[in-house]
Amino acid sequence: HKLVRINLSEQTDISDLMGNDLPVQDYGTAGASFKWWDGVLLTAIKEESWVLLDELNLASQSVLEGLNSCLDHRATVYIPELGRTFKCPRTFRIFAAQNPLAQGGGRKGLPKSFLNIFTKVYVDALTDSDLRAIVASRYPSLD
């Protein structure tokens, strides 16, 4: 599956994920008009790609709320500007990653109700031994 990584931050807006009407040059009338452009998440849904939401605990509350409908039982995204609902395909998957709150940088604790949507896996920092094992398995010809 194609994997699309979306790096979230406080500046990420739900329109970055879903899409937006943006101005385009209309050469026929020498003026500007607006055209809908799919956001990265809506594009991934349409292409049945898998999505990695990176730095989930840096996302704003409005972005988290905007993700609810594709994460819960509805598995849909409604785009009011288009008046359309897009169903997440059965093969569509969303993964999320976040660093510990203690790292600071605007990270916030997410509600348990939101986190319980995901299967949680905790990963400790890789040791020298871990890194050597990875390199040895990927490049067995190296000393």
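On the stretch given as the range 21-64, residues that are open to solvent by 30 Å² or more (accessible area, probe 1.4 Å), polar (S, T, N, Q) and at pLDDT 95 or above total 1. Asn99 satisfies every condition listed in (1) among the polar types (S, T, N, Q); (2) at pLDDT 90 or above; (3) open to solvent by less than 60 Å² (accessible area, probe 1.4 Å); (4) touching an Asp or Glu at 6+ places or on another chain (Cβ under 9 Å) except (2).
A quick yes/no check of all residues on (1) touching a Leu at 6+ places or on another chain (Cβ under 8 Å); (2) in contact (Cβ under 8 Å) with a residue 60 or more places away in the chain:
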residue: Ala32; (1), (2): no, no
residue: Ala44; (1), (2): no, no
residue: Asn68; (1), (2): no, no
residue: Thr76; (1), (2): no, no
residue: Glu81; (1), (2): no, yes
residue: Arg84; (1), (2): no, no
residue: Phe114; (1), (2): yes, no
residue: Thr127; (1), (2): no, no
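Within the option set Thr127, Thr91, Thr85, Thr119, being open to solvent by less than 60 Å² (accessible area, probe 1.4 Å) and of a type outside the set (Lys, Arg) holds for one residue only, Thr91. Inclusion of Gly105 among residues that are at pLDDT below 90, small (Gly, Ala, Ser) and surrounded by 11 or more Cβ atoms within 10 Å (Cβ to Cβ) is warranted.
The values are calculated or read from the model by the stated rules, or taken from the named source; none is laboratory data. All values reported here derive from a predicted model rather than from experimental measurement. Backbone-built Cβ (ideal geometry, glycine too); neighbour counts: all protein chains shown. Surface areas here come from the heavy atoms of the whole protein model, side chains and all, with no ligands, DNA or RNA. Shrake-Rupley method; radii C 1.70, N 1.55, O 1.52, S 1.80 Å.
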